[in-house]
1. Only strands (runs of 3 or more DSSP E) wholly contained in region 53-104 count here; list those with 1 or more residues that are crowded, with 20+ Cβ neighbours inside 10 Å.
2. So T146 fits all but one of (1) modelled with pLDDT of 95 or more; (2) surrounded by fewer than 14 Cβ atoms within 10 Å (Cβ to Cβ); what number is the exception?
3. Hey, among the residues in region 32-47 that are surrounded by 12 or more Cβ atoms within 10 Å (Cβ to Cβ) and among the aliphatic types (A, V, I, L, M), which one's nearest to T76 (Cα to Cα)?
4. Since C155 meets every condition but one in (1) touching a residue at least 24 places away in the same chain (Cβ under 8 Å); (2) not in a loop (DSSP other than H, G, I, E, B); (3) not acidic (D, E), which condition does it not meet?
5. Would region 106-124 turn up any residue that is buried (at least 19 other Cβ atoms within 10 Å of the Cβ), assigned to a strand (DSSP E or B) and modelled with pLDDT of 95 or more?
Amino acid sequence: MEKSGFFNSSDGDRVYDAADFAAYFGSLVSNGVFYMAATNLQVSPAIGLAVNVAAGSAWINGYRYENTDVLNIPLTTANGSNPRIDRIVIRLSQISRSIQLAVVVGTPAATPVAPALTRTSDVYELGIADVLVPTAATSIVANNITDTRLNTDLCGLVNSLVSAVYE
């Protein structure tokens, strides 16, 4: 089947939806965070057992996300016996038709590992930080946060997918 677009509709003969635009933009721009400033969507300690995510924007599978102000994200109560690693993600949900910040709660263990990202046709996550939640912790400090925004396997920076080849 051939497809083309985008053309003005004449009596309803051209109908496009968000998936058409996302597929188009997704072919031009890679997933990741926009890096206009080093603090774009940076995760930092907040008061108590919580983190803050700075203002910024990201791109996931042709869809745009923007956080316009510092967002406070509470973490679940720390385990009394073992530490865990929670992953702070930007989650695209085709089911809810939204992109939001979320916490993927890790499993407490003597040697904890960060939980895997979900990357299916319904849910696609970019990991922006891993947060070590120490045993019985009541707060998070900067040394507990590993910034993963520049890690291309977990997140990465938005880049152009258009390239010129010269021979």
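1. Hits in region 53-104: 56-60, 63-67, 84-93, 98-104.
2. Unmet condition: (2).
3. Of everything passing the filter in region 32-47, A46 is nearest to T76 (Cα to Cα).
4. Here C155 clears every test but (2).
5. yes
Yes/no matrix, rows are residues, columns are (1) farther than 21 Å from V105 by Cβ; (2) in contact with a Cys (Cβ under 9 Å, 6 or more places away or on another chain); (3) hydroxyl-bearing (S, T, Y); (4) modelled with pLDDT under 95:
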residue	(1), (2), (3), (4)
N52	no, no, no, no
G56	yes, no, no, no
W59	yes, no, no, yes
D69	yes, no, no, no
N82	no, no, no, no
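The values are calculated or read from the model by the stated rules, or taken from the named source; none is laboratory data. From a predicted model like this one, the values you see are computed outputs, not experimental measurements. For neighbour counting, all protein chains shown are included, and Cβ atoms are generated from backbone atoms with ideal geometry for every residue, glycine included.
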